[in-house]
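Take a look at the structure set out below.
The values are calculated or read from the model by the stated rules, or taken from the named source; none is laboratory data. Treat the numbers as computed from the prediction; the structure is a model and nothing was measured. Note that we place each Cβ from the backbone using ideal geometry, even for glycine, and neighbour counts take in every protein chain shown.
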Amino acid sequence: MTMALWKSIRPYLSAAIRFFHISYIEAKAQHHGARLGVLWGPLSSLCFVVMLSLIFHHSESMPQSDFFLYVFVGYILWSFIAETITGSTDIIQKRLDFAVHNGLSVPGLFGKILVDRLFSYGLNLVSLALVAIVFFHDKLGASLVLFLPFALMIVAASFFGAYLVNIITILFPDTRTLFQVGVRFLFFASPVFWSANEVTGGVRGLLTTYNPVSYFLSMARQTMGIQVFNPSDWLIALAVTAAICVAGTLAYLGSRNFIRNLK
Amino acid sequence: MARIDIENASVSYYLRKRGGASGLKGGSVGAQIIVGKRYLEIAALRNISLSLKDGDRVGLVGINGSGKSTLLKLCAGAVAAQSGRVSVEGTVSPQFALGSGLRPELTGRQNAELKCLYMRVPQSMVSRYVEEVKELSGLGGYFELPMQSYSAGMRSRLVMSLLRLVRGEILIMDEWINVADPSLNATVGGLQSKLIERSKILILASHSRRVLDDWVNEIMWIDKGEIRDFGPIGDVYPKYQKWLTERNERK
């Protein structure tokens with residue numbers, strides 16, 4: 001049983017490792033000549049998080065250090081979400097030819113680009129883990145087991161969400177700019193650098209309740225023990241993930257016969 | 001076993017319509033353009049049927065825009081058929097254009113590393129393969145520089161050397177095969193031949209009779225997206241040449 005399971009997942013693991021290696025080579029090339037190389041990714045995130053947490057800390061109920069961790073966890077997930085949207089507007093149009101020459105199908109191409117995003121997110125997570133171990137070890141605990149279901153959900157939502165974004169921009173080119181602007185708006189509309197717990201009503205209340213991103217941010221913070229485990233957040237995020245997966249699958253099935261032929 | 005079965009397949013490209021549809025009549029080359037509500041449909045292939053098995057080596061001939069490249073792309077899965085049936089068994093290695101699948105901003109070494117990983121070379125053997133590519137290409141120090149700084153000849157050398165990593169049962173090559181730098185050494189040139197010999201099925205588009213004679217045993221003449229003739233080179237090529245000459249005289 002265990003052997004059969006291992007055999008079935010081994011090819012996927014092997015492909016994932018290969019893709020992570022590819023992402024590393026590409027990221028290294030991006031920072032060619034820089035002494036810190038790929039470390040600039042997590043370092044720039046860290047600098048931005050420090051700035052956000054210093055400028056936007058206005059809460060009496062949350063100490064500055066806790067607010068820093070709150071923003072850190074939220075910001076790195078936000079970067080992953082933003083990259084899923086803004087980085088997926090022209091995948092098929094610009095990278096399919098490259099993919100075909102390297103033996104990748106359309107789903108394979110989206111898988112490869114998902115790994116690129118996970119690579120960046122992974123680097124940020126490593127820096128978060130180091131900061132948490134050194135400065136916030138008292139917060140780390142059993143809630144970390146929630147990370148696995150959380151990771152599975154964001155991976156699925158990101159994979160299918162990327163295809164949805166791409167197909168929408170192919171069919172309606174004007175939406176490319178809308179996605180770019182929308183992501184900027186969503187950054188401010190999501191509780192990345194403001195606390196959802198302190199919102200009782202008004203526009204922010206609406207944004208917290210009806211913005212799916214806020215549930216994913218809550219989940220990330222719950223895995224780190226910054227927020228109390230709230231099953232309803234997980235259920236809503238699961239429903240959103242399922243909806244994205246179903247919509248992405250339907251979009252793929254409905255478009256696979258013509259999408260490669262659109263020029 | 002490798003196999004390609006195409007039955008009555010038609011392939012169209014779609015372009016978003018911009019402005020009016022006047023002036024979109026077909027020219028002396030290229031496929032028919034159908035003006036739709038939101039898209040222009042270019043009927044690149046119509047009712048193509050083809051069955052290839054192990055050992056088949058087929059050359060594609062036809063004027064520009066006849067549908068040769070689209071047929072290659074259909075076999076490689078780069079485009080989909082809107083009607084008909086396409087079944088491809090075996091790993092496909094498409095070689096459409098010189099440098100396709102490589103990243104110009106990366107060095108020769110990085111491109112070789114990436115190629116190894118994409119071609120599923122075991123991680124433990126990547127560095128050995130990369131050194132082999134470096135040796136074969138003869139690029140020396142240029143191997144460590146970005147590909148965008150290469151001359152056309154240097155790019156050819158790198159691409160030809162990377163063929164060492166290609167392991168397709170079905171090899172699909174477009175006309176770039178003709179543009180290889182004549183100064184390439186025998187080893188690199190030999191790699192190309194080995195790659196072709198190793199493949200179970202070869203589909204090659206070329207205008208060169210010499211290339212076709214060297215590597216294929218049958219040719220398919222495609223015109224306006226349809227198969228006009230298919231058979232041994234000696235039978236089909238003279239007909240194609242005659243048609244081409246008459247066509248040029250009519251112009």
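Of the conditions (1) surrounded by 15 or more Cβ atoms within 10 Å (Cβ to Cβ); (2) without any contact (Cβ under 8 Å) to a residue 40 or more places away in the chain, residue A:166 satisfies every one except a single condition; which number is it?
(2)
Considering the range B:71-85 alone, what residues qualify as being in contact with a helix residue (DSSP H, G or I) (Cβ under 9 Å, 6 or more places away or on another chain) and either closer than 20 Å to residue B:223 by Cα or of a type in the set (D, E, K, R) (or both)?
Within the range B:71-85, B:73, B:79, B:80, B:81, B:82 qualify.
What number of residues within the range B:33-47 are in a strand (DSSP E or B) and either at pLDDT below 90 or within 11 Å of chain A (Cβ to nearest Cβ) (or both)?
10
Check off (1) crowded, with 19+ Cβ neighbours inside 10 Å; (2) more than 14 Å from every other protein chain (Cβ to nearest Cβ); (3) not polar (S, T, N, Q) for residue A:38 and give me the number that stays unchecked.
(2) is the only condition that residue A:38 fails.
Could you grab me the full set of residues in the range B:116-143 that are at the interface with another protein chain (Cβ under 8 Å from one of its Cβ atoms) and either over 30 Å from residue B:51 (Cα atoms) or surrounded by fewer than 16 Cβ atoms within 10 Å (Cβ to Cβ) (or both)?
B:117, B:120, B:123
Name the pairs: first residue in the range B:97-114 and more than 10 Å from chain A (Cβ to nearest Cβ), second residue aromatic (Phe, Trp, Tyr), Cβ to Cβ under 9 Å, at least 6 apart or on different chains?
What qualifies is B:98/B:176; B:104/B:150; B:108/B:142; B:108/B:143; B:108/B:150; B:112/B:129; B:112/B:143.
Being more than 14 Å from chain B (Cβ to nearest Cβ) and more than 25 Å from residue A:140 (Cβ to Cβ) is the requirement here; does residue A:220 meet it?
Numbers: more than 14 Å from chain B (Cβ to nearest Cβ): yes; more than 25 Å from residue A:140 (Cβ to Cβ): no.
No, not satisfied.
Here is a check on your reading of the model: is residue A:10 touching a helix residue (DSSP H, G or I) at 6+ places or on another chain (Cβ under 6 Å), within 14 Å of another protein chain (Cβ to nearest Cβ) and of a type in the set (Lys, Arg)?
For residue A:10, the condition - touching a helix residue (DSSP H, G or I) at 6+ places or on another chain (Cβ under 6 Å), within 14 Å of another protein chain (Cβ to nearest Cβ) and of a type in the set (Lys, Arg) - is not met.
Only one residue in A:161, A:182 is within 19 Å of the chain's Cα centre (by Cα), buried (at least 20 other Cβ atoms within 10 Å of the Cβ) and more than 14 Å from every other protein chain (Cβ to nearest Cβ), so which one is that? Reasoning before the result, please.
Values: A:182 fails: buried (at least 20 other Cβ atoms within 10 Å of the Cβ).
That would be A:161, the only listed residue that is within 19 Å of the chain's Cα centre (by Cα), buried (at least 20 other Cβ atoms within 10 Å of the Cβ) and more than 14 Å from every other protein chain (Cβ to nearest Cβ).
Being buried (at least 19 other Cβ atoms within 10 Å of the Cβ) and more than 14 Å from chain B (Cβ to nearest Cβ) is the filter here, so list the residues in the range A:84-109 that pass it.
The answer is A:84, A:88, A:89, A:91.
Would you mention how many residues in the range B:215-239 are without any contact (Cβ under 8 Å) to a residue 12 or more places away in the chain and surrounded by fewer than 14 Cβ atoms within 10 Å (Cβ to Cβ)?
Qualifying residue count, the range B:215-239: 3.
Specify which of the listed residues (A:69, A:54) is surrounded by fewer than 22 Cβ atoms within 10 Å (Cβ to Cβ), farther than 26 Å from residue A:12 by Cα and away from chain B (no Cβ under 14 Å).
A:54
If residue B:204 satisfies all but one of (1) touching a Gly at 6+ places or on another chain (Cβ under 8 Å); (2) within 20 Å of residue B:91 (Cβ to Cβ); (3) assigned to a helix (DSSP H, G or I), what's the number of the condition it fails?
(3)
With the requirement that a residue be among the aromatic types (Phe, Trp, Tyr) and either under 17 Å from the mean Cα position of the chain (by Cα) or within 14 Å of chain B (Cβ to nearest Cβ) (or both), what does the range A:227-261 give you?
Across the range A:227-261, the qualifying residues are A:234, A:252, A:258.
Among helices (runs of 4 or more DSSP H) lying entirely in the range B:48-167, which contain 3 or more residues that are under 30 Å from residue B:236 (Cα atoms)?
On the way: elements: B:68-76, B:108-118, B:126-137, B:152-162.
By residue number, B:68-76.
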